[in-house]
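Trainee: Let me give you the structure first, and then I'll get to my questions.
Since every read-out is calculated from the coordinates, none of them should be taken as a lab result. Remember, it's a predicted structure, so these values are computed and weren't measured experimentally. Note that each Cβ is placed from the backbone with ideal geometry, even for glycine, and that neighbours are counted across all protein chains shown.
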């Protein structure tokens with residue numbers, strides 16, 4: 001069961017979002033899903049649909065306000081126009097609050113690429129958050145005040161990632177460890193966007209779908225959310 005809904009940010013501004021839910025959702029735990037730099041397209045909706053089939057309510061905020069990118073230059077333009085702090089502290093925070101206010105006792109956030117970076121940022125601004133799973137994306141590390149992170153984190157990283165280099169993951173790991181954040185990181189022999197089944201169709205050398213890595217990372221994420229949510 002899927003629909004387009006509207007919720008309010010903490011500053012009371014409205015946000016449109018794609019909501020996928022199990023047929024008998026009751027008080028199902030929920031997960032906010034954060035888009036890649038392409039926007040709220042069919043691929044990220046399919047991630048939400050997959051979570052709904054696993055028993056979660058999955059909410060995907062429309063961070064680009066209806067705009068979509070098909071080509072790399074369009075994605076770069078839309079991403080550069082996005083205020084990351086506003087998206088993390090308002091759009092994503094508001095999505096978590098909406099889900100908690102409508103019956104979900106626990107809520108997690110997961111995101112991919114740009115959405116992975118925003119997922120980590122959201123953990124700084126959202127005390128209501130119960131679990132975080134980030135996929136091959138992190139913000140500039142000077143913006144990560146690990147002392148403000150209280151939710152447990154799972155991270156999936158590509159060793160051959162030219163967008164978010166693995167040495168940045170090593171530094172992020174050190175910051176989280178120093179702040180005693182509960183986290184578990186996994187590294188995969190893959191390129192950026194390895195979980196996106198449409199990655200190869202973009203014909204960009206730094207993107208490559210890796211079905212084996214994607215399946216393993218998904219299984220780990222499902223076990224993580226089952227334990228935490």
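Trainee: Could you tell me the calculated FRET efficiency between residue 50 and residue 178, based on Cβ-Cβ distance and R0 = 30 angstrom, to the nearest 0.05?
Mentor: On the way: r = 35 Å, r/R0 = 1.16.
Between residue 50 and residue 178 the formula returns 0.30.
Trainee: Let me ask you something else. Between residue 13 and residue 81, what is the label-point separation in nm under the 7 Å Cα-to-beta-carbon projection?
Mentor: Going by the 7 Å Cα→Cβ label model, 1.4 nm.
Trainee: Between residue 171 and residue 23, what FRET efficiency follows from the Cβ-Cβ distance if R0 is 41 Å, with the result rounded to 0.05? Each step should come with its number before you reach the end.
Mentor: Numbers: r = 44 Å, r/R0 = 1.06.
Approximately 0.40, to the nearest 0.05.
Trainee: Apply the a/c threshold of 1.5 to the C-alpha gyration tensor of the range 1-82 and tell me whether it is rounded, prolate or oblate. List each step's numbers first, then the result.
Mentor: Numbers: a/c = 2.82, a/b = 1.56, b/c = 1.80.
Taking the square roots of the gyration eigenvalues as a ≥ b ≥ c, the range 1-82 is oblate.
Trainee: At R0 = 35 Å, how high is the FRET efficiency between residue 142 and residue 1 if r is their beta carbon distance? Nearest 0.05 is fine.
Mentor: On the way: r = 42 Å, r/R0 = 1.19.
Efficiency at R0 = 35 Å is approximately 0.25.
Trainee: Measuring from centroid to centroid over Cα atoms, what is the spacing of the range 115-148 and the range 171-227 in Å?
Mentor: 15 Å
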